[in-house]
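The values are calculated or read from the model by the stated rules, or taken from the named source; none is laboratory data. In this text, all values refer to a predicted model and were calculated from it rather than measured experimentally. What goes into the accessible areas is simple: the full protein's heavy atoms, side chains included, and nothing from ligands, DNA or RNA. Shrake-Rupley method; radii C 1.70, N 1.55, O 1.52, S 1.80 Å.
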Amino acid sequence: MSSISDNLQAVQNRIGIAAKKAGRDASAIELLAVSKTFGADAVIEAAQAGQTAFGENYLQEALDKQLAIRTARPDLLLKWHFIGPIQSNKTRPIAEHFDWVHSVEREKIAQRLNEQRPEGLPPLNICLQVNISGEASKSGVAPEQAGALARAVASMSRLKLRGLMAIPEPAGDFEQQREPFHRLRALFDALRSQGHALDTLSMGMSADLDAAIAEGATIVRVGTAIFGKRDYT
Ligand SMILES: *Cc1c(COP(=O)(O)O)cnc(C)c1O
């Protein structure tokens, strides 16, 4: 079995190759290690291999893990990104314990995060989650509504609007994988041309990060390829 450190190296190599193919600088692409369902030990192992940014989906699990890591290794300076669905009664701990939120899809959630972000912390970095594949069941703001949501979030002083995030439907081949990422990139460019100072396209996971990088991803969110298969039982 390969180690977390080996896996991180392999993913960084993949990012390097994809960036080179796209004529991009690999240093413009940040690896977010998605540690959901894995314990504090796995995060510490990744951190010892140089990984600093971690993504979590489930609030209580994330808070428990953060506390365990702070207790065991107060020397580790980690950045935490919340990437999961947000219930409106759970915004306060997210505003207090994370550096980034990638999954903002409603103004009401943004308002609560803005009100609850502690004054002693820098503004909370925000990506709007966009329903780029358009399935009724999927979360995310509809692309047509993204402009209005971006304007609302941009006006909130305790939030910093950084960009867009999407989780497209799984697709078989590289060209099919590129399509939704291309649409997200086009929406990103449109918002920028409307005056939003966005710098972040959070797109691409273990199975499709290469296609996401070809379309301009600046953060890839990778779980399985780093930590292994998740066990939800
Ligand atoms: C779980 C998850 C990931 C990581 O997925 P892998 O396929 O394991 O790399 C990325 N983004 C979000 C929003 C997730 O929920």
**Message:** Please compute one quarter of the surface area of the Cα convex hull for the chain and express it in square nanometres.
**Reply:** 13.0
**Asked** Of all the Cα-Cα pairs you can form in the stretch 15-63, what percent are over 19 Å apart?
**Response** 40
**Whole-angstrom gap from the stretch 174-231 to the stretch 80-104, using each part's C-alpha centre** = 20
**Asked** In straight Cα distance, which lysines are under 21 Å from K108, not counting same-chain residues fewer than 8 positions off?
**Response** K90, K138, K160
**Prompt:** Over what distance in Å are the Cα centres of the stretch 31-66 and the stretch 134-171 separated?
**Reply:** 24
**Fill in**
quick shape note, the stretch 71-198: Cα extents on principal axes in Å, largest first -> 45, 35, 26
**Message:** Over the chain, with a Gaussian network built from C-alpha contacts below 10 Å, which listed residue (R117, R14, R221) shows the highest mean-square fluctuation?
**Reply:** R14
**Complete:** Long-range amide H partners of G55, meaning residues 5 or more apart or on another chain whose placed amide H is closer than 5 Å, are A33, V34, S35, H81
**Request:** Please give the per residue accessible area of the chain, computed with a probe of 1.4 Å over protein heavy atoms only, in Å².
**Result:** 48
